Amino acid sequence: MRRKIVAGNWKMHGSRAENAALVETIVASVTSERTTCVICPPFIYLHETWRQLRGGAVALGAQDLCAEALGAHTGEVSAAMLKDVGCEYVLVGHSERRALYGEDSPLVARKFAAAHSKGLTPVLCLGEQLAEREAGRTHSIVGAQIDAVVQLCGIQSFAQAVVAYEPVWAIGTGRTATPDQAQETHAFIRQRLACEDAKIAAGLRILYGGSVKAGNARDIFVMPDVDGGLIGGASLKADEFIAIFAAADSLAVSG
Ligand code: PEP
């Protein structure tokens, strides 16, 4: 069985003091090791956050990274730097990066490879726009996003990776995919990867992201191909995030 995972991505919000307070509350409340908890603060707070985590049950992740290993890339942050400040995970291809910063699937695949090369676990974000869903194109869009990574990095790279299915129309909108919609697309993603390697696909953790709240988390996480959640807005409220984590943990298996 796959361990559940709940990851918080609080984007470009908060101040240094607010970040520290949020982390402190999460660290004090998340003690279960049956379920993986990852928090992804802004770059600028990563090292300070790592100190607060004190090697406990909460892991550190970043929201993005540079596809290049090092050099003249002003303003960018490399995989090696993330590793150096204590990160274990990094989001790649979040829909806001794709939509607002022009990141296409080939670039996302290079970021995935860069993360992998330094031993970080990439959290590969996939998802379709509302118009694409309404046109019945969800599978072709999400399938192409996965294929770009498989082509560059190989299926073996998914043995150390997490996938997050995040329908763009559900991110930050309050409109959540139904548990059945999430399950259907998660099963498609797993099946697509199973064509390459059934064992890796069966072990891959696929998170759902898009307006997950304490009130709807359990209904989504209980679906057989949903292995937890990537949480945006609700991760800024410690109580809400902790309740979402508890929902996943209540469904979790040890090991
Ligand atoms: C996200 O940004 O990845 C996300 C899922 O946001 P929200 O939970 O706010 O929809």
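The values are calculated or read from the model by the stated rules, or taken from the named source; none is laboratory data. Being a predicted model, the structure only gives us computed values, none of them experimental. Here the Cβ positions follow ideal geometry from the backbone for every residue, glycine too, while neighbour counts run over all protein chains shown. Quick note on the areas: whole protein, heavy atoms, side chains included, nothing else; ligands and nucleic acids left out. Shrake-Rupley method; radii C 1.70, N 1.55, O 1.52, S 1.80 Å.
For the structure I just gave you, tell me whether Glu76 is in contact with an Asp or Glu (Cβ under 8 Å, 6 or more places away or on another chain), free of Cβ contacts under 8 Å to residues at least 40 places away in the same chain, assigned to a loop (DSSP other than H, G, I, E, B) and under 21 Å from Asp104 (Cα atoms).
Judged against the criteria, Glu76 is a match.
Those residues that are within 24 Å of Arg51 (Cβ to Cβ), touching a residue at least 40 places away in the same chain (Cβ under 8 Å) and part of a loop (DSSP other than H, G, I, E, B), I need them from segment 79-117; list them, please.
Hits for segment 79-117 are Gly86, Cys87, Glu88.
Any chance you could count how many residues in segment 24-56 are of a type in the set (Gly, Ala, Ser), closer than 16 Å to Ser250 by Cα and at pLDDT below 95?
Total satisfying the criteria: 1.
So which of Ala198, Ala248 is surrounded by 18 or more Cβ atoms within 10 Å (Cβ to Cβ), among the hydrophobic types (A, V, I, L, M, F, W, C) and at negative phi?
Only one candidate qualifies: Ala248.
Out of (1) within 15 Å of the ligand (Cβ to nearest atom); (2) open to solvent by 10 Å² or more (accessible area, probe 1.4 Å); (3) in contact with a Gly (Cβ under 9 Å, 6 or more places away or on another chain), what's the single condition that is false for Ala164?
Here Ala164 clears every test but (2).
Please go through segment 74-116 and give me each residue that is within 14 Å of the ligand (Cβ to nearest atom) and polar (S, T, N, Q), ordered by number.
Once the filter is applied, which keeps residues that are within 14 Å of the ligand (Cβ to nearest atom) and polar (S, T, N, Q), segment 74-116 yields only Ser95.
Can you tell me which residue is least open to solvent (accessible area, probe 1.4 Å) among those in segment 215-242 that are away from the ligand (no atom under 12 Å from the Cβ) and in a helix (DSSP H, G or I)?
The qualifying residue least open to solvent (accessible area, probe 1.4 Å) is Phe221.
Inspect all residues belonging to segment 124-134 and state whether any of them is closer than 16 Å to Ser157 by Cα, within 16 Å of the ligand (Cβ to nearest atom), within 13 Å of the chain's Cα centre (by Cα) and open to solvent by less than 10 Å² (accessible area, probe 1.4 Å).
Taking every residue of segment 124-134 in turn, at least one turns out to be closer than 16 Å to Ser157 by Cα, within 16 Å of the ligand (Cβ to nearest atom), within 13 Å of the chain's Cα centre (by Cα) and open to solvent by less than 10 Å² (accessible area, probe 1.4 Å).
Can you name every residue in segment 176-191 that is part of a loop (DSSP other than H, G, I, E, B) and within 17 Å of the chain's Cα centre (by Cα)?
Thr176, Ala177
Of the residues in segment 171-181, how many are modelled with pLDDT under 95 and either away from the ligand (no atom under 13 Å from the Cβ) or open to solvent by less than 10 Å² (accessible area, probe 1.4 Å) (or both)?
1
Quickly run through segment 201-214 and pick out the residues that are open to solvent by less than 30 Å² (accessible area, probe 1.4 Å) and within 16 Å of the ligand (Cβ to nearest atom).
Listed by number, the residues that qualify are Ile206, Leu207, Tyr208, Gly209, Gly210, Ser211, Val212.
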